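S.K.: So that we are looking at the same thing, I have put the structure below in structure tokens.
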Amino acid sequence: MGDCYKNGGLVYASIQMPIIAVLCVHCELMLIYGSLDAVSKTEGAESFEYPDTTEKCFQYAPGYFKPIATVMRRITESFLFVTQFGFCSIYILFITKNLYQVLQTYDIDYGQSLTMLFCMPFVMVPSLFTGLHHIAPVSNIGNLCLIFGVAATLIVAFTEGMPSTEDRSLITNLPNMALSFGTALFSYEGIALVLPLRNAMKDPNDFNRPLGILNIITALITFVFIFTGVITYIKWGEEVKGSITLNLDETIPFNQAVKLVAALGVFFGYPIQFFIMFNIIWLPMLQRWKFVQGYRLIVEVSLRFIFVVLTFSVALLVPNLELFISLIGAFCSTTLAFVIPVFIDFAVKAQTPEELKWYIYVKNVIILIIASFVINMKVTVCFGETRIVVPCGNGNLLVKDLINEATRRYKKAAGKVS
């Protein structure tokens with residue numbers, strides 16, 4: 001959250017947090033109601049998850065919705081996979097950076113890359129868990145570790161004394177505000193878990209009622225996000241890191257313990273993120289390919305191994321934790337959290353045209369405009385002291401193209417040829 005406030009400023013970031021919370025909850029409710037509508041119209045169905053809901057809502061809608069139902073399902077699955085894959089890689093970066101900082105204080109410095117490779121075998125083991133009944137207890141331990149890490153960091157910040165807010169930005173510029181929005185949205189991103197959690201409850205209606213779990217938890221999380229963001233940005237200013245525990249002085253033994261406990265919490269949280277990502281690929285393969293059904297254990301273990309290696313590979317290639325979080329939040333999370341639920345809402349209401357009131361159009365268009373503000377973001381690339389801003393367009397810009405465009409703009413700005 002500190003990085004979110006650094007990019008957005010104290011005033012803007014504090015205003016955007018409850019707005020994003022309300023938007024996220026509203027879009028999650030649109031997804032839930034779309035799923036309930038699809039289930040009611042599908043004989044024998046008891047519940048649907050995100051990709052199924054998207055496809056069924058479009059199938060039952062009239063006009064241009066029906067022909068693109070399968071395409072929308074594939075788009076949803078693709079963005080879910082990329083988002084969860086990004087989460088897993090970010091988790092690896094977080095674990096590595098905290099462990100690397102602690103090791104450096106004892107003059108153990110094999111480089112961040114080798115530290116990451118050292119962590120791989122330990123991450124591999126819990127990633128082989130195939131059932132939520134095994135993963136859930138591990139994830140709960142991880143949550144407790146993370147709560148301790150956040151609380152301990154805030155205590156350290158207060159005990160060391162808080163500086164004046166005079167040098168802290170209240171509102172920044174549009175490119176940085178877009179990055180701030182992407183980081184904030186990444187923090188709220190959990191739409192992939194909304195339907196599975198609701199479907200698993202004894203009384204699913206308790207999840208989305210006015211004073212239900214969704215609203216209460218979101219309100220609590222919003223308060224925690226604003227509090228931690230304000231405190232960490234005031235405390236560490238422009239030097240604030242992408243993860244709260246990275247701000248601690250690693251030479252102090254207590255801070256080292258906090259970093260290791262927080263890294264352990266993320267380590268225990270990795271399996272559930274990996275579980276969601278893997279099932280997006282694995283379940284369709286299991287249903288369609290007889291070869292996979294015949295050699296299920298061998299294929300599943302092999303794929304799990306490959307995907308763990310891939311998440312580590314991406315983490316090695318993209319060592320900037322702050323930028324990675326903003327990019328995943330801006331491109332993938334925005335599409336899943338805002339864009340697709342809006343289209344689902346249009347598809348559901350198009351089945352009964354009298355429900356498509358003018359205010360529905362206005363409300364959904366406003367959500368899409370907000371989403372486009374984030375997707376059409378810009379990235380700042382630094383060449384020494386020179387900062388080059390590169391527009392990312394519609395989010396399809398490849399990393400190599402980003403580098404090439406940044407280099408071209410730098411050459412032009414600096415008057416250099418080579």
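S.K.: Once label points are set 7 Å from the Cα along Cα→Cβ at both Asp206 and Tyr295, what is their separation, rounded to one decimal in nm?
M.R.: Label at Asp206, label at Tyr295, 4.5 nm between them.
S.K.: Another question, if that's okay. Among Tyr91, Tyr64, Tyr188, whose mean-square fluctuation peaks in a Gaussian network model of the chain (Cα, cutoff 10 Å)?
M.R.: Tyr64
S.K.: Give me the distance in nm between label points sitting 7 Å out from Cα along the Cα-to-Cβ direction at Thr251 and Leu193, one decimal.
M.R.: Between Thr251 and Leu193, the simple spin-label model gives 3.8 nm.
S.K.: Another question, if that's okay. Treating only the Cβ atoms of Lys and Arg (+1) and Asp and Glu (-1) as charged, compute the dipole magnitude of the range 211-291 about its Cα centre; round to the nearest 20 debye.
M.R.: Roughly 480 debye, rounded to the nearest 20.
S.K.: Now for a separate question. Pop out the ³J(HN,Hα) list for the range 78-85 in order, Karplus 6.51 cos²θ - 1.76 cosθ + 1.60 with θ = phi - 60°, rounded to Hz; leave Gly and Pro as x.
M.R.: Working through the residues one at a time gives 5, 5, 4, 5, 4, 5, 5, 4 Hz.
S.K.: Just the Cα atoms of the range 1-133, one point each, no solvent: what log10 I(q)/I(0) does Debye give at q = 0.13, 0.17, 0.19 Å⁻¹?
M.R.: -0.89, -1.06, -1.11
S.K.: With a ≥ b ≥ c taken as the square roots of the eigenvalues of the C-alpha gyration tensor of the range 107-155, please select rounded if a/c is under 1.5 and otherwise prolate if a/b is larger than b/c or oblate if it is not?
M.R.: Oblate, because a/c is 1.5 or more while a/b does not exceed b/c.
S.K.: Mind giving me the FRET efficiency for Met285 and Leu117? R0 is 25 Å, r the Cβ-Cβ distance, nearest 0.05 is fine.
M.R.: 0.35
S.K.: Let me ask you something else. Taking the solvent-accessible surface of protein heavy atoms with a 1.4 Å probe, what is the per residue accessible area of the chain in Å²?
M.R.: With all protein chains present, the chain gives 49 Å² per residue.
S.K.: Please report the net charge: other residues with Cβ closer than 15 Å to the Cβ of Met277, K and R +1, D and E -1.
M.R.: Cβ neighbours under 15 Å give a net charge of -3.
S.K.: Related question: Nothing charged except the Cβ atoms of Lys and Arg (+1) and of Asp and Glu (-1): what's the magnitude of the dipole of the chain about its Cα centre? Round to the nearest 20 debye.
M.R.: Taking the Cα centre of the chain as origin, the dipole is about 980 debye.
S.K.: Now for a different question. Pull out the extension gain between Thr105 and Ile171, defined as 0.36 nm times the separation in residues minus the alpha carbon to alpha carbon distance; nm, one decimal.
M.R.: 20.1 nm
S.K.: So, one more: Place a +1 charge on the Cβ of each Lys and Arg in the range 125-269 and a -1 charge on the Cβ of each Asp and Glu, then give the dipole magnitude about the Cα centre in debye, rounded to the nearest 20.
M.R.: Here the size comes out at about 460 debye.
S.K.: Something else about it: With a 10 Å radius around each residue's Cβ, average the other Cβ atoms per peptide and rank 228-240, 165-177, highest first.
M.R.: The most tightly packed comes first, giving 228-240, 165-177.
S.K.: Next up: What does the convex hull of the Cα atoms come to per residue for the range 175-275, in Å³?
M.R.: With only Cα atoms used, the range 175-275 gives 145 Å³ per residue.
S.K.: Let me ask something else about it. Would you mind putting 66-72, 193-199 in packing order, based on average other-beta-carbon counts within 10 Å, highest first?
M.R.: My ranking of the peptides, most packed first, is 193-199, 66-72.
S.K.: From the gyration tensor of the Cα coordinates in the range 55-176, what semi-axes in whole Å does the equivalent ellipsoid have, largest first, with each one equal to sqrt(5λ)?
M.R.: In descending order the semi-axes read 39, 26, 17 Å.
S.K.: Then there is this: What's the ranking of 247-258, 103-114 by average number of surrounding C-beta atoms within 10 Å, highest first?
M.R.: Averaged packing, sorted descending, gives the order 247-258, 103-114.
S.K.: For the range 1-382, what D do you get in µm² per second when you plug the Kirkwood radius from alpha-carbon pairs into Stokes-Einstein at 10 °C and 1.306 mPa s?
M.R.: For these conditions, the coefficient is 72 µm²/s.
S.K.: Each residue of the range 94-107 in order: what ³J(HN,Hα) in whole Hz does its phi give by Karplus 6.51 cos²θ - 1.76 cosθ + 1.60, θ = phi - 60°, with x for Gly and Pro?
M.R.: Going residue by residue, I get 4, 4, 5, 4, 5, 5, 5, 4, 5, 4, 4, 5, 9, 6 Hz, with x marking Gly and Pro.
S.K.: Next question. What GluC sites (Glu not before Pro) does the range 1-98 have in DSSP loop regions with at most 13 other beta carbons within 10 Å?
M.R.: Glu43, Glu46
S.K.: Among Ala45, Ala184, Ala406, which one moves the most in a GNM of the chain with springs linking Cα atoms closer than 10 Å?
M.R.: Ala45
S.K.: With just the Cα atoms defining each centre, how far is the range 89-167 from the range 188-242? Give it in Å.
M.R.: About 20 Å separates the Cα centre of the range 89-167 from the one of the range 188-242.
S.K.: Still on this model: If I compute solvent accessible area with a 1.4 Å probe over the protein chains, what percent of it on the chain is carbon and sulfur?
M.R.: Answer for the chain: carbon and sulfur cover 67 percent of the accessible area.
The values are calculated or read from the model by the stated rules, or taken from the named source; none is laboratory data. Quick caveat: nothing in here was measured; it's all calculated off a predicted structure. Neighbour counts run over all protein chains shown; Cβ positions are idealised from the backbone, glycine included. Accessible surface is based on the protein model in full, side chains and every heavy atom, while ligands, DNA and RNA are left aside. Shrake-Rupley method; radii C 1.70, N 1.55, O 1.52, S 1.80 Å.
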